[in-house]
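To start, the structure under review is shown below, and the notes come after it.
The values are calculated or read from the model by the stated rules, or taken from the named source; none is laboratory data. Just so we're clear, the structure is a prediction, and the values are computed from it rather than from any experiment. Cβ placement follows ideal geometry from the backbone for every residue including glycine, while neighbour counts extend to all protein chains displayed.
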Amino acid sequence: MSHLFSHYNYWIVIVLMMTGFYTVISRGNMVKKLIGLNIFQTSVFLLFITMGKIKGGTAPIVMAGKEDVVYSNPIPHVLILTAIVVGVSTTALGLALVVRIKEAYGTVEEDEVQAEDIRR
Amino acid sequence: MNYPDTALVADTQLPALQVVIPLLSAPLCALARNRRAAYAITLLASWSALVIAVLLLLRVHAHGTISYALGGWAPPWGIEYRIDYLNAFVLVLLSSIGAIVAAYAPASVDSEIPRDRQPLFYCAYMLCLTGVLGIAATGDAFNVFVFLEVAALSSYILISLGKSRKALNAAYQYLVMGTIGSTFILIGIGFLYMMTGTLNMVDLAERLAPVRTTRPVLTAFAFFTVGVSIKMALFPLHLWLPNAYTRAPSVVTAFIASTGTKVAVYIMIRFIFTVYGVQFAFASTPVAAALISLSLLGIFFASTAAIFQRNVKRMLAYSSIAQIGYMVLGISFVSVNGLTGGIVHLFNHALMKGALFLAVGCVMLRMKRTKLEEFRGLGYRMPVTMFAFTIAGLSMIGVPMTVGFVSKWYLILAALEKGWWPVAALILLSSLLAVVYIWRVIEVAYFQKPPEDAPPVTEAPLSMLIPLCVLTAATIYFGIFTGATAGIAHRAAEMLMAGGVH
């Protein structure tokens with residue numbers, strides 16, 4: 001039981017990942033799909049951050065005179081900064097496309113857009 | 001103070017320049033605000049990228065693998081660009097497609113994209129080229145993800161520029177699928193980092209050895225394979241591709257069809273052979289069997305679907321899915337000949353599919369549509385375009401003296417080597433399907449009369465015909481003189497089978 005809870009951060013990752021993924025698959029509303037995609041990506045950010053944490057670790061700033069300090073691994077944080085930028089631009093581009101789709105079709109429901117596409 | 005010889009500096013900085021030149025030209029295109037200036041920048045940058053790629057290949061040929069520490073940070077801590085036979089070859093392919101399509105672009109872009117958006121189109125085009133070149137050049141797993149997203153985001157933009165509003169939906173669907181794919185790849189990279197603490201591919205290969213059979217590494221492999229299969233549109237994860245290719249502007253389709261999926265195949269080869277090692281990836285997991293059956297299924301499903309398409313562009317899109325099947329089949333044979341076939345088909349398919357889509361772009365320019373009816377009598381009204389289409393189509397079928405034959409030769413050789421007669425027979429049989437769908441277009445173009453009320457049609461302008469003819473001539477040239485392509489692919493395959501690191 002303690003084993004189950006001591007890794008609670010991974011459980012959060014899994015729950016978020018599946019929530020996001022399910023939203024992407026099951027929703028027909030294009031904005032909701034993008035929100036799902038965003039949650040899905042965020043769960044991966046958490047996965048990276050969680051593996052950088054070291055128990056009792058502090059921010060990796062070297063201080064003079066202190067040698068036995070435990071530092072957290074900064075690399076996952078740096079990687080995820082980049083991945084966040086990627087995620088933000090994906091969301092922005094996706095929303096821009098949805099705005100254009102709304103202008104062109106008058107709807108953001110996937111099945112209605114598809115029905116329009118087939119009609120012509 | 002002594003300044004180093006500038007020529008020498010440029011020479012040692014080649015791997016970085018390969019990516020930096022297209023990257024810097026992208027904002028310049030956007031800032032230019034003038035479509036002619038933006039086009040000039042694009043042309044200059046894409047041709048310099050080609051020159052650099054050729055120089056890199058020559059250097060690899062002369063001196064062996066090049067390792068370049070980006071920003072002077074030594075690998076494995078810094079990002080390393082590592083150029084060996086495989087990616088030097090892929091870089092030459094990508095940049096030559098980038099350069100030829102750029103030369104072809106202006107007339108086609110003028111007719112399909114509004115003038116005020118053209119500088120931004122060229123900006124996105126250069127970003128896409130940056131992305132694919134970066135994926136091929138880098139030796140860092142996380143850097144692969146970043147460049148993958150640079151290429152993907154810019155290709156969503158390029159596809160959404162298509163004339164009809166259907167392009168918007170196609171781009172949106174591709175965005176959702178593409179993001180799932182690259183996030184899966186990111187998860188894979190994350191698990192690998194978790195187990196090894198490194199992102200450098202060569203370092204990863206060494207440190208993975210003791211932990212290869214642990215569950216996170218297996219999970220990483222599963223996520224990675226699925227993610228990259230979405231990116232390369234391997235059956236049955238291909239659903240985004242037909243709409244994206246059909247709705248995108250002609251230039252974009254030609255460019256993305258010959259670079260986007262190819263680079264995903266490259267990543268798969270790189271990770272399976274260099275990072276994981278072929279022993280682990282194929283011997284201890286059932287991935288090879290899965291890939292072989294999926295690629296064969298994909299070849300037959302997509303070729304059959306291609307036969308029933310009324311839009312020629314969509315027909316070629318389905319054909320692309322089938323051709324990805326051949327490449328993956330080549331990889332999963334796990335032999336030097338199979339891998340040679342896969343790598344050489346990656347190159348050859350880019351040439352012939354590029355030529356086919358450029359020819360369709362010429363038709364699009366004159367007829368405004370690409371339905372099969374539009375091709376009636378075009379063999380006599382646009383003789384050069386249709387002749388090029390025919391040659392590239394024959395290559396798609398795999399007729400001797402064309403590049404298509406070379407790839408299929410190696411694939412069948414690899415199948416026979418293993419004693420897999422049914423697979424060899426299926427490869428031959430699938431060529432017959434290609435005969436059917438290519439013949440449908442040729443029959444309409446040469447043996448049907450145009451409708452009485454058809455407006456007079458002239459041949460496409462020379463600025464489009466010359467790049468088209470260059471690509472078509474290349475499909476013949478590399479079909480006869482196979483030393484360059486198959487030779488390099490063979491050396492790359494030998495290196496990969498031997499462990500992929502040296």
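Numbers for the structure displayed
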{"quantity": "Condition broken by residue B:393, with the remaining ones in (1) more than 20 Å from residue B:346 (Cα to Cα); (2) at pLDDT 90 or above satisfied", "calculated": "(1)"}
{"quantity": "Leading residue by the ranking (surrounded by the fewest Cβ atoms within 10 Å (Cβ to Cβ)) among those in region A:44-60 that are in contact with a Phe, Trp or Tyr (Cβ under 8 Å, 6 or more places away or on another chain) and more than 9 Å from chain B (Cβ to nearest Cβ)", "calculated": "A:59"}
{"quantity": "Selected residue [over 30 Å from residue A:79 (Cβ atoms), surrounded by fewer than 24 Cβ atoms within 10 Å (Cβ to Cβ), assigned by TED's automatic domain parsing to the domain that holds residue B:27 and among the β-branched types (Val, Ile, Thr)] from B:113, B:97", "calculated": "B:113"}
{"quantity": "Test result for residue A:73, in a loop (DSSP other than H, G, I, E, B), within 12 Å of chain B (Cβ to nearest Cβ) and either closer than 22 Å to residue B:142 by Cα or touching a strand residue (DSSP E or B) at 6+ places or on another chain (Cβ under 8 Å) (or both)", "calculated": "yes"}
{"quantity": "Output for region A:1-43, where each listed residue is farther than 20 Å from residue A:77 by Cβ, facing chain B (nearest Cβ under 10 Å) and not hydrophobic (A, V, I, L, M, F, W, C)", "calculated": "A:20, A:33, A:36"}
{"quantity": "Residue among A:57, A:52, A:28, A:87 that is in contact (Cβ under 8 Å) with a residue 40 or more places away in the chain and closer than 30 Å to residue B:198 by Cα", "calculated": "A:87"}
{"quantity": "Cβ-Cβ under 8 Å pairs, at least 6 apart or on other chains, region B:436-455 side in the same structural domain as residue B:371 (by TED's automatic domain parsing), far side among the basic types (Lys, Arg)", "calculated": "B:444/B:376; B:445/B:376; B:448/B:376; B:449/B:376; B:450/B:376; B:450/B:381; B:451/B:376; B:454/B:376"}
{"quantity": "Residue within region B:292-307 that is without any contact (Cβ under 8 Å) to a residue 12 or more places away in the chain, at negative phi, among the small types (Gly, Ala, Ser) and not assigned by TED's automatic domain parsing to the domain that holds residue B:270 present", "calculated": "yes"}
{"quantity": "Extreme residue, surrounded by the most Cβ atoms within 10 Å (Cβ to Cβ), among residues of region B:384-398 that are closer than 22 Å to residue B:296 by Cβ and among the hydrophobic types (A, V, I, L, M, F, W, C)", "calculated": "B:396"}
{"quantity": "Test: residue B:193 is in contact with a helix residue (DSSP H, G or I) (Cβ under 6 Å, 6 or more places away or on another chain) and within 13 Å of chain A (Cβ to nearest Cβ)", "calculated": "no"}
{"quantity": "Residue tally, condition within 30 Å of residue B:417 (Cα to Cα) and β-branched (Val, Ile, Thr), over region B:333-380", "calculated": "5"}
{"quantity": "Test for residue B:237: is it under 23 Å from residue B:397 (Cβ atoms) and hydrophobic (A, V, I, L, M, F, W, C)", "calculated": "no"}
{"quantity": "Residues of region B:289-316 that turn out to be polar (S, T, N, Q) and crowded, with 20+ Cβ neighbours inside 10 Å, as a count", "calculated": "3"}
{"quantity": "Matching residues in region A:89-120 - criterion: being more than 9 Å from every other protein chain (Cβ to nearest Cβ) and touching a Gly at 6+ places or on another chain (Cβ under 8 Å)", "calculated": "A:109, A:111"}
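Per-residue answers, yes or no, for (1) within 10 Å of chain A (Cβ to nearest Cβ); (2) under 22 Å from the mean Cα position of the chain (by Cα):
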position	(1), (2)
B:139	no, yes
B:153	yes, yes
B:160	yes, yes
B:183	yes, yes
B:211	no, no
B:221	no, no
